Amino acid sequence: PETPPVSRARTPVDAGYTMIEMIVTIALAGTLMAIAVSGWQGWARASEQDGFLTELRAEMRQAQQRAVTTGSSVCVRFDAAAETYTVLDGRCDSATTVLQQPRTAPSGVDLDGPVFQHGTDHTEPGVTFTSRGTATPGQVYVQRDGGPRTKLKVEGLTGRVSTS
């Protein structure tokens with residue numbers, strides 16, 4: 001009879017990782033982190049624009065409420081170059097008393113094209129809310145760098161502030 005072959009017991013090889021495996025793992029982890037961070041930054045910028053838009057809409061509604069409550073006009077004037085808006089006592093074409101210090105848009109968020117119709121012959125970069133609750137109609141755009149442009153619209157007859 002033949003003798004069965006002798007099986008040699010294998011000695012375990014070092015169970016660690018090779019340098020190539022480590023480099024590949026670190027490269028994949030780094031790529032995934034870069035993708036996650038860039039997505040988070042885009043979300044943060046979009047949230048910043050939405051937050052500013054909500055704040056601005058609330059300030060304009062408060063200005064309208066203040067005008068009705070006090071019985072005098074209130075102006076929300078925009079300075080697109082400085083990316084600010086200011087709440088003033090009186091009509092936009094003559095208001096000088098500041099009710100609220102200028103508020104600045106967050107970094108990367110722009111105020112564009114504030115145009116409000118004051119009479120039939122001219123426009124102003126600000127909206128006047130009257131004691132009757134009406135307003136000078138018009139709009140201002142809010143846009144973040146590389147993002148969509150959102151229009152904040154004010155209706156004249158009702159003074160309603162809405163976005164589109």
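The values are calculated or read from the model by the stated rules, or taken from the named source; none is laboratory data. Treat the numbers as computed from the prediction; the structure is a model and nothing was measured. Don't worry about glycine lacking a Cβ; one is built from the backbone with ideal geometry, like all the others, and counts go over all protein chains shown. Heads up: the accessible areas ignore ligands, DNA and RNA and are worked out on the full protein's heavy atoms, side chains in. Shrake-Rupley method; radii C 1.70, N 1.55, O 1.52, S 1.80 Å.
Below is a table of values for the structure above.
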quantity	calculated
Sole residue being of a type in the set (G, A, S), open to solvent by 20 Å² or more (accessible area, probe 1.4 Å) and over 17 Å from the mean Cα position of the chain (by Cα), chosen from A81, A67, A135, A95	A81
Lone unmet requirement of (1) more than 20 Å from L53 (Cα to Cα); (2) touching a strand residue (DSSP E or B) at 6+ places or on another chain (Cβ under 7 Å); (3) surrounded by 13 or more Cβ atoms within 10 Å (Cβ to Cβ) for V87	(1)
Residue identified as modelled with pLDDT under 90 and in contact with a helix residue (DSSP H, G or I) (Cβ under 7 Å, 6 or more places away or on another chain) among G108, G133	G108
Residue that is farthest from V76 (Cα to Cα) [pool: residues in the range 105-164 that are free of Cβ contacts under 8 Å to residues at least 40 places away in the same chain and β-branched (V, I, T)]	T120
